[in-house]
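All of the numbers you see were taken from the coordinates with simple rules; none came from a lab. Keep in mind the model is a prediction, meaning the values are calculated, not measured. Please note: Cβ atoms are built from the backbone with ideal geometry, for glycine as well, and neighbour counts cover all protein chains shown.
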Amino acid sequence: MSIRPILIHPDPRLKKVADAVETVTPELKGLAEDMLETMYDAPGIGLAAPQIGILKRLIVLDCVKEEDAKPEPMVMFNPEVVWESEALNTYEEGCLSIPDQYGEVERPAEVGVKWIDIEGEAREAKFDALWATCVQHEIDHLNGKLFIDYLKPLRRQMITRKMQKLKRERARA
Ligand code: K1U
Ligand code: ZN
């Protein structure tokens, strides 16, 4: 297992639509393990393969935030929202590809999602609360969409400029 570098916005790979996974191979299982390790190390509650430069439809998440609670890692290949509630929920989202920047995003409060699990089995479940927000945020990554795309243009532009500065500074260090 290894920790992979996380791409920082703006990066063209974060704007692309990722490809569906045909078969869950041992290599893809290894990639999913690396992504979980990378997510826990960051730390974060989710990670999508495009964030480490891999344009495949694979996400990982674990929204258990309490330090001494049992972890609940989830791996989803080809996740798809199949149902969304009419009720909406607003959450101040962050993103590991946009460090230290936050913005309020309104999304369906509950969603039904279908996916292929790490054993290659088809699964379907309903998510609510932070799990619903996070799974939608991660599926957006697979479609080249970032949480800042929901913000007002001026705020989005300000955050993008800050990230460009951060990338210049990191390149010089
Ligand atoms: O996809 C990502 O960039 C990960 C992102 C997921 C996310 C956060 C908030 C709302 C929706 C989706 C993060 O994990 S940002 C870091 C974060 O939220 C966090 C970090 C440590 C403890 C608790 C939360
Ligand atoms: Zn993100």
Item checked: Exposure rule at most 10 other beta-carbon atoms within 10 Å, DSSP loop GluC sites (Glu not before Pro): the chain longest free segment -> 122-173
Check: Considering the chain as a Gaussian network with a 10 Å cut-off on Cα pairs, which listed residue, A132, A69, A32, attains the greatest mean-square fluctuation?
Finding: A69
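Which loop-located trypsin sites (Lys or Arg not before Pro) does the stretch 44-107 contain, where loop means any DSSP state but H, G, I, E or B and the Cβ has at most 10 other Cβ atoms within 10 Å? Each step should come with its number before you reach the end.
Values: sites: K56, R57, K65; in loops: R57, K65.
Those satisfying the criteria are K65.
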Note to self: Whole-Hz ³J(HN,Hα) for each residue in the stretch 17-24, computed from phi via Karplus 6.51 cos²θ - 1.76 cosθ + 1.60 with θ = phi - 60°, x for glycine and proline: what do you get?
What the structure shows: 7, 7, 8, 5, 8, 7, 9, 7
Notebook entry, point to check: For K145, which lysines qualify as cross-link partners when the Cα separation must be under 18 Å and same-chain residues fewer than eight apart are set aside?
Noted result: K15, K16, K56
Checklist line | Gain upon complete extension [V64, K162; 0.36 nm per residue less C-alpha separation] | finding: 32.3 nm
Notebook entry, point to check: How many angstrom lie between the C-alpha centres of the stretch 10-58 and the stretch 96-159?
Noted result: 14 Å
Item checked: Share of alpha-carbon pairs per 10 Å distance bin for the stretch 1-146, given as whole % -> 12, 44, 38, 6, 0
Next item on the list: Report, by chain and number, residues whose modeled amide H sits under 5 Å from the one on E84, excluding near sequence neighbours (fewer than 5 apart, same chain).
Entry: G112
Margin query: Taking amide H atoms as placed 1.01 Å from N in the peptide plane, list the residues 5 or more away in sequence, or in a different chain, whose amide H sits under 5 Å from that of G103.
Written below: E93
Notebook entry, point to check: For the chain, what is the charge dipole size about the Cα centre, in debye to the nearest 20, if Lys and Arg each add +1 at the Cβ and Asp and Glu each add -1 at the Cβ?
Noted result: 1320 debye
Next item on the list: Set the Förster radius R0 to 25 Å, insert the Cβ-Cβ distance between E27 and K152 as r into 1/(1 + (r/R0)^6), and round the FRET efficiency to 0.05.
Entry: 0.05
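Calculate for the chain the 222 nm mean residue ellipticity that helices alone would give, adding -39,500 (n - 2.57) per DSSP H run of length 4 or more and normalising by residue count, nearest 500 deg cm²/dmol.
Counting only the DSSP helices, I get -9500 deg cm²/dmol.
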